[in-house]
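Single-structure report; data block below.
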Amino acid sequence: MSGDELLAALICMAGGFTGGIVGVGGGVLFVPALTIFIGLSQVEGESTSLLMIVIVALIGAIRQNSYGNVNVRNAIIIGALSPLGVLLGVGIANHVSERVLQLSFAALALFIAYRLIVRALAAPA
């Protein structure tokens, strides 16, 4: 295993850990790890991450459900509707440039970070 592959594996473990702690999608860490350290294209990184997230999400949901933390009704509704968005997103991802995908991913990460900061600062201490 090369140094980059080891670093990618560690980052992906951190993605699973972060997903378990704060529920953030592991793709936030998986995609950059796969593209930067393994050398996958943006669309390959996103596609590989989708399969990785299934495994992480299933294990995390089972564990959280044992604590009574899963809202099953919302999970079923969102889970039933999400594949429609995935079908559209996958189609678009395969027809736009690598640069558009990279910039879109970065913009989404920045927007989410901004919203999380605003929310945390507005919450009572």
Review point. Given the residues Leu88, Leu50, which is the only one that is under 18 Å from the mean Cα position of the chain (by Cα) and either more than 19 Å from Cys12 (Cβ to Cβ) or among the charged types (D, E, K, R) (or both)?
Key: Leu88
Review point. What are the pairs, 6+ residues apart or on separate chains, where a residue within region 49-60 that is closer than 17 Å to Ala33 by Cα and free of Cβ contacts under 8 Å to residues at least 60 places away in the same chain has its Cβ under 7 Å from a residue that is of a type in the set (A, V, I, L, M) and assigned to a helix (DSSP H, G or I)?
Key: Ser49/Val31; Ser49/Leu34
Point to revise | Of residues in region 97-113 being farther than 14 Å from Pro32 by Cα and surrounded by 12 or more Cβ atoms within 10 Å (Cβ to Cβ), the one nearest to the chain's Cα centre (by Cα) | key: Ile112
Exercise for review: For region 36-46, enumerate the residues that are in contact (Cβ under 8 Å) with a residue 40 or more places away in the chain and outside any loop (DSSP other than H, G, I, E, B).
Suggested key: Gln42, Val43, Glu46
Review point. Just to be sure, is Ala80 in a helix (DSSP H, G or I), touching a residue at least 40 places away in the same chain (Cβ under 8 Å) and of a type outside the set (D, E, K, R)?
Key: no
Check your understanding: Is it true that some residue in region 56-66 is surrounded by fewer than 17 Cβ atoms within 10 Å (Cβ to Cβ), assigned to a loop (DSSP other than H, G, I, E, B), modelled with pLDDT of 90 or more and of a type in the set (S, T, N, Q)?
Key -> no
Practice item. Looking at (1) under 12 Å from the mean Cα position of the chain (by Cα); (2) assigned to a helix (DSSP H, G or I); (3) modelled with pLDDT under 90, find the lone condition where Leu116 falls short. Key: (1)
Review point. Of the residues that sit in region 18-44 and are surrounded by 13 or more Cβ atoms within 10 Å (Cβ to Cβ) and farther than 21 Å from Gln102 by Cα, which one is farthest from the chain's Cα centre (by Cα)?
Key: Gly20
Practice item. State yes or no: is Ser82 at pLDDT below 95, polar (S, T, N, Q) and either farther than 23 Å from Ala8 by Cα or loosely packed, with under 12 Cβ neighbours inside 10 Å (or both)? Key: yes
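The values are calculated or read from the model by the stated rules, or taken from the named source; none is laboratory data. Model, not experiment: these values are computed from the prediction. Cβ atoms come from the backbone with ideal geometry, glycine included; neighbour counts cover every protein chain shown.
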